[in-house]
Amino acid sequence: MRISVVGSVSLHFLILLFTIVSLPLFNNDELEMPPVIQVELIEIAEKTNVPQISKKKEDKKPEKENKKEEQKLNQPIQKPKEEKSNEKVKDPSTEEKIENKKIEEKMIQNMPVRKPEIKKKDKFDPLKLAELIDKQKDTKQTNPEDIVEKDYEALDSTPSLDKRLTLSEEDAIRAQFMQCWSIPLGIPYDETMIVKIKIFLNTDGSLLKPPEVVQHERMNKPGEKYFRTLAESALRAVRRCDPIKAPEAERYDNWKNLQLNFDPREILRG
Amino acid sequence: MKRLLVCLFPLILFTNISFAIIEIDITEGNREPLPLAISEFFHDNNQEIIDKKITENIRTVISDDLERSGLFSSIDDKAFIQTNRAMHLKPRFADWRLIKAQGLLTGELAIEDDRLRVEFRLWDTFAEKEIEGLVLITTIDNWRRISHMIADKIYERLTGEEGYFDTRIVYVAEEGPKNKRIKKLAIMDQDGANHKFLTSGKELVLTPRFNPVRQEITYLSYFKNLPRVYLLNIQTGIQEVVGDFPGMTFAPRFSPDGGKIIMSLAREGNSDLYVMDLTNRVVERLTDSPAIDTSPSYSPDGKKITFNSDRGGSQQIYVMDSNGRNQKRISKEGGNYATPVWSPRGDLIAFTKFYQGQYFIGVMRTDGSGERLLTENWYQEAPSWSSNGRVLIFYRETKANDAGDGHSSSIWSIDLTGFNERKIITPVDASDPSWSKLIQ
């Protein structure tokens, strides 16, 4: 009896200890994420992905310099593996070159079209911006792999938990739904007027199955006619945008399921 | 023990994984009017319907109502690709989406026992389903009201808000030179149709107000040079004198239940607010300040009253309880304020503001915050709310030239957003509009 009690207590203690010790470890990556710098809102993909590729081919020196700076920044989370991958990029084989070229072409094709905004923001020094963004990206994802390799998802098709859309991919998707959404301007302001819709997409950006309103129960409640109107307008927007111009198919796992939060509160507040 | 740990490990691991779905916030959208395809309702070649052009007329009225709201646009029927009968039974949604229609209105007309039967369906072309449908039966000549009612149903279904098309506007019709103006009481549908004069113009009439419950108006008229308040039932035409009120300059406004009227009266040179119970005609004084208190208006729940007073040195907007207690100034910005009117939705107070030589129509929250000026002009005043608290009508005057010519006044409407300002066409000059509730 005593043995089983002691065993049980110690087991519980172990589990508790394990949870306390292990959870921060798992969250460690996120905790070390640097605060998002406002400048980074500007088209990361266009500025990071493309220059990275061109730098790699045309001019290796600035890249090396950048890498040094990045390494300095990332010292605490650097791992030996990174050096290997860096070496790989610095001295690529001819096969890799051909493959990279193909992927580069594909990336350029699939890049979100936000050209006018890029022009607008030309007042920023693009080189500095690229540097900043590179740093941000490196530290944010804490991925030891070289950035160029990381962008080439074709090289690594296994889904990863920390994969996210780039800000510009998010922006491109957001912009499409903004165009499609006719805001029901008649509804009065209410702090709870936000509709969350889950969408499930095919690789070509079309809807795999009907969109789901997360708060669907509220839609049919009596006295919630404003919410129903808002939810219906959001559903129309989703269907009107079908199919969306999707990010690259290689990164399908990242965007196959999305939650769209249609939030007109600022507009309704007037 | 090992087994237990092996079982627990994935659980702890997956606590992180469960947050994988990416959320995208969409905080802006398209503010363009929602494109609707409004078809002509089909019928079995009924000669009376053809002769009276009822199909065309119904489509025009519905389409005009919705377009005037500024929230919808009507797609040209030349782009339609399905027959009226077929689309009413089963629209080819993909085809309608092609012409960018987000909603489709179809319908059928028939005459049964000398009565017009109107059946309509509203389809969501993206959800591919019927979202509203109704059958309305009326006398044949009542097609216009039926059209307004259908427009109201569509508006309500797509905006979540009650429509305001089946309503009327009463106003003061003005004719003649400025120094010898003839002022008559007139009434019309909100789109200007069914216009008629209610008084002959022998006596000056001022500030008509709609009863929020009944199709009844109150107005001020001068009888033997004394201000007299009348009640007029629009449906029966019965007119009744409420009383003579010396020193009154504006007609009273009704309480939300229509049972009381609230007014400002000048007694012994001092203007204060009074309320009269219409059943027993007992008058009760609400304010007692040495300043001029005018233009009272009830909140929709009847618990508060907003009014205008110069007790602080300039004309400002105040709010008090309906028994006259807790008087508090709410207007905070510079300038003089007048004619506050509480929104039927309860969230806003509309007003006229005079500031730096210009007149503005604006709205503010009931605590005075969030003041928004919707329109600016040389002279405009007297806002009146649509029944859903979404649109304001007011009147605007044009400046006369040095010779005294060129003066005119007309009624305008403006959306709460400050967009969609439109002139309401009247046969003669118009002022002091008051908007009715939905006709029951």
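The values are calculated or read from the model by the stated rules, or taken from the named source; none is laboratory data. Just so it is clear, the structure is predicted and the values come from calculations on it, not from any experiment. Ideal geometry is used to build each Cβ from the backbone, glycine not excepted, and the neighbour counts take in all protein chains shown.
Points worth noting:
- Scan of the stretch A:243-270 for residues that are assigned to a helix (DSSP H, G or I) and small (Gly, Ala, Ser), ordered by number: A:ALA249
- Of all residues in the stretch B:365-385, exactly one satisfies the criterion of being in contact with a Phe, Trp or Tyr (Cβ under 7 Å, 6 or more places away or on another chain) and farther than 20 Å from B:SER431 by Cα, namely B:LEU373.
- Residue check for B:ARG228: surrounded by fewer than 22 Cβ atoms within 10 Å (Cβ to Cβ) and over 17 Å from B:MET263 (Cα atoms): no
- Top-ranked residue in the stretch B:156-169 [being buried (at least 23 other Cβ atoms within 10 Å of the Cβ) and more than 19 Å from A:ALA234 (Cβ to Cβ); ranked as farthest from the other protein chains (Cβ to nearest Cβ)]: B:ILE169
- Residue within the stretch A:229-242 that is touching a Gly at 6+ places or on another chain (Cβ under 6 Å) and of a type in the set (S, T, N, Q) present: yes
- Residue count for the stretch A:240-270 satisfying the condition of being touching a strand residue (DSSP E or B) at 6+ places or on another chain (Cβ under 8 Å), at the interface with chain B (Cβ under 9 Å from one of its Cβ atoms) and surrounded by fewer than 20 Cβ atoms within 10 Å (Cβ to Cβ): 6.
- Criterion: touching a Phe, Trp or Tyr at 6+ places or on another chain (Cβ under 6 Å) and among the charged types (D, E, K, R) - qualifying residue of A:LYS209, A:LYS221: A:LYS209
- Residue in the stretch B:129-137 that is of a type outside the set (Ser, Thr, Tyr), under 32 Å from the mean Cα position of the chain (by Cα), surrounded by 20 or more Cβ atoms within 10 Å (Cβ to Cβ) and not assigned by TED's automatic domain parsing to the domain that holds B:ASP415 present: no
- Some residue of the stretch A:201-209 being under 19 Å from B:GLU128 (Cβ atoms), of a type in the set (Gly, Ala, Ser), in the same structural domain as A:ILE173 (by TED's automatic domain parsing) and assigned to a loop (DSSP other than H, G, I, E, B): yes
- Residue in the stretch B:88-124 that is farthest from the chain's Cα centre (by Cα), counting only those that are within 14 Å of chain A (Cβ to nearest Cβ) and touching a residue at least 60 places away in the same chain (Cβ under 8 Å): B:ILE99
- The number of residues in the stretch B:347-394 that are crowded, with 23+ Cβ neighbours inside 10 Å and among the charged types (D, E, K, R) comes to 2.
- Picking from residues in the stretch A:210-242 that are part of a loop (DSSP other than H, G, I, E, B) and within 24 Å of the chain's Cα centre (by Cα), the one that is modelled with the highest pLDDT is A:VAL214.
- Selection status of B:PRO296, within 28 Å of the chain's Cα centre (by Cα) and crowded, with 22+ Cβ neighbours inside 10 Å: yes
- Within the stretch B:244-275, the set of residues being surrounded by fewer than 19 Cβ atoms within 10 Å (Cβ to Cβ) and either β-branched (Val, Ile, Thr) or in contact with a Lys or Arg (Cβ under 7 Å, 6 or more places away or on another chain) (or both) comprises B:ASP244, B:GLY247, B:THR249, B:GLY258.
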